[in-house]
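The values are calculated or read from the model by the stated rules, or taken from the named source; none is laboratory data. Computed from a predicted model, the values in this text were never measured in an experiment. Because the Cβ atoms are built from the backbone with ideal geometry, glycine has one as well, and the counts that use them run over all protein chains shown.
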Amino acid sequence: MARDNPPKIRQRSQLERKKTQRASYDRVLIVSEGSRTEPLYFKEIRNTYRLQTANVEVHPSALGTEPIQVVRSAKQLFGAGDPNKRVRAKAFERVFAIFDRDEHKSYFDALKLADSLDGKLRNDAKQPVIFRAIASVPCFELWLLLHYEDIRHPLHRAEVLARLKQFIPSYVK
């Protein structure tokens, strides 16, 4: 009677590469209002937590700094990609448009547009994409200041910038 599991088959299965057990991370696109501070901040987070650059892309808005322009830029970059920035079209599961509250007139329109895009866009795997607006109130510099001070009350953005300069004298908005 023949064996069901001959030695050659057992050896072959032992020598085969193991399939990956870990689930892949979501691919994330971050488009920011600022062209220097925010991209540097998020790239540093990516480096600190050793996130792969293939999974997290950070770019400044190509259409301007108004919140509505940041959201539109994120939508455009997601949909069309950009070969110059090595961004493939529809290659993300999550898209974030990041901007300051400041006194922008298009702030609420940007929040509505981002909300309307959430779950409506499809990526290259035909899955719905999470599309979120992240607003820094009053401004992004507050995030930086919170690394140095514990602030529990509202601040005007001018005061935030003045206090931040105490810790980072060379900082320029």
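The table below gives the values:
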read-out: Options L113, L121; residue that is under 18 Å from the mean Cα position of the chain (by Cα), over 19 Å from E66 (Cβ atoms), among the aliphatic types (A, V, I, L, M) and in the same structural domain as F42 (by TED's automatic domain parsing); value: L121
read-out: Any hit, segment 86-100, residues being farther than 18 Å from L29 by Cβ and in a strand (DSSP E or B); value: yes
read-out: Some residue of segment 100-109 being exposed (fewer than 13 other Cβ atoms within 10 Å of the Cβ) and acidic (D, E); value: yes
read-out: A158, sole failed condition from (1) closer than 19 Å to G34 by Cα; (2) surrounded by 12 or more Cβ atoms within 10 Å (Cβ to Cβ); (3) among the hydrophobic types (A, V, I, L, M, F, W, C); (4) without any contact (Cβ under 8 Å) to a residue 60 or more places away in the chain; value: (2)
read-out: Out of I68, I98, sole residue that is of a type in the set (V, I, T) and in contact with a Leu (Cβ under 8 Å, 6 or more places away or on another chain); value: I68
read-out: Failed condition for S136, given (1) buried (at least 16 other Cβ atoms within 10 Å of the Cβ); (2) out of contact with any Leu (no Cβ under 7 Å at 6 or more places or on another chain); value: (2)
read-out: Qualifying residue in segment 18-37 (condition: exposed (fewer than 15 other Cβ atoms within 10 Å of the Cβ), part of a helix (DSSP H, G or I) and either modelled with pLDDT of 85 or more or acidic (D, E) (or both)); value: no
read-out: The listed residue being touching a Gly at 6+ places or on another chain (Cβ under 8 Å) and either surrounded by fewer than 19 Cβ atoms within 10 Å (Cβ to Cβ) or modelled with pLDDT of 95 or more (or both), out of R163, R88; value: R88
read-out: Sole residue being part of a helix (DSSP H, G or I) and either on the phi > 0 side of the Ramachandran plot or not polar (S, T, N, Q) (or both), chosen from E57, E103, E44; value: E44
read-out: Criterion: modelled with pLDDT of 95 or more and under 13 Å from the mean Cα position of the chain (by Cα) - qualifying residue of V71, V56; value: V71
